[in-house]
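First comes the structure, then the notes that go with it.
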Amino acid sequence: MPDRPVVLALDRNRRNLELLTEFLNREGIDVRATMSIEELDQAIEEADTVSVALLDLAGFDRSIWARCERLQEAGIPFLVISPRQSVQLYQDGLSRGARAVLVKPLGARELIALIRGLMADRA
């Protein structure tokens, strides 16, 4: 595990990734930003360097669920982020190992508390 914890973040929106990276860096957490399934697949292969994953599902098809299952198999706790509330999405996320399904907009303090809690669980 690196000196600073690493959050693996998936989001199609570059600006959202930039904002998340800036926020988490200020909190002492590094971010491995990914914008595609291919980048996510590569990052999962390097699971020993990742503490927690945040997956924004906006713009991804159902193949994202296979990646969630891979994260679970790799022992990486993860949160699913959705632009809308949906019972089906909530059930799909939890059944594939998500620790929580969050709906945008996210509260910064709540998000960091969840991330730190997941990191503590993995330690």
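Here is the list for region 18-123: trypsin sites (Lys or Arg not before Pro) lying in DSSP coil, each with at most 12 other C-beta atoms within 10 angstrom of its C-beta, are Arg62, Arg84. Close amide-amide hydrogen proximity is noted between Phe78 and Ala53, Arg99, each under 5 Å apart and 5 or more residues distant or on a separate chain (H modeled in the peptide plane; Pro and chain starts excluded). Which shape class applies to region 6-122: rounded if a/c is under 1.5, otherwise prolate when a/b exceeds b/c and oblate if not, where a ≥ b ≥ c are the square roots of the Cα gyration tensor eigenvalues? Rounded. The GNM of the chain, with springs linking C-alpha atoms under 10 angstrom apart, assigns the highest mean-square fluctuation among Ala43, Ala100, Ala66 to Ala66. Couplings 3J(HN,Hα) for region 72-78, derived from phi with the Karplus relation 6.51 cos²θ - 1.76 cosθ + 1.60 (θ = phi - 60°), are 4, 4, 7, x, 9, x, 9 Hz, where x marks Gly and Pro.
Placing pseudo-labels 7 Å out from each Cα toward the beta carbon at Gln88 and Arg62 gives an inter-label distance of 0.9 nm.
When the Gaussian network model of the chain links Cα atoms closer than 10 Å, the mean-square fluctuations of Ala98, Ala113, Ala58 top out at Ala113.
No lab work stands behind these numbers, since they all come straight from the coordinates. Because the structure is a prediction, the values reported are computed rather than measured. Heads up, the Cβs are rebuilt from the backbone with ideal geometry, glycines too, and the neighbour counts pull from every protein chain shown.
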